[in-house]
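The block underneath contains the structure these notes are about, expressed in structure tokens.
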Amino acid sequence: MTPALFIFILNQVLERTKKQQEMERELTERMIQLNDQMTTQLATYEKDRRQFDEDRALWEAENREALSLIRSSMDKLDKTRSKRKGLF
């Protein structure tokens with residue numbers, strides 16, 4: 001192998017090694033960025049979920065009487081339907 005060819009191959013290897021290191025660095029930065037973004041989204045979703053649960057509990061407390069009337073009427077309707085099934 002001639003010295004010029006050896007130097008050429010060595011330069012190619014060094015360039016590819018440098019490119020690989022840059023790609024690894026970029027991928028690591030991207031991974032950290034996405035991880036931070038997902039952590040932020042998770043915190044936001046958990047906050048929204050807690051707020052939803054609080055709102056639902058408040059709504060159910062305000063409408064407890066109406067909900068119990070609806071449930072009792074649905075139970076009566078289900079009983080009527082089950083009695084009618086055997087007729088025909």
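FYI, it's all coordinate maths here, none of it is from the lab. Since we're looking at a predicted model, the values are computed, not measured. Please note: Cβ atoms are built from the backbone with ideal geometry, for glycine as well, and neighbour counts cover all protein chains shown.
Here are some notes:
- Candidate aspartates and glutamates for bridging to Lys18, where Cα separation is under 20 Å - those fewer than 8 sequence places away on the same chain excluded: Glu26, Glu29
- Here the extension length gained between Lys76 and Asn11 equals 14.9 nm, from 0.36 nm per residue of separation less the Cα-Cα distance.
- Per-residue Cβ neighbour rank within 10 angstrom, fewest leading, Thr39, Thr2: Thr2, Thr39
- The residue list Thr80, Thr2, Trp59 was ranked by how far each Cα lies along the charge dipole of the chain toward its positive end, using unit charges on Cβ atoms, and Thr80 comes out on top.
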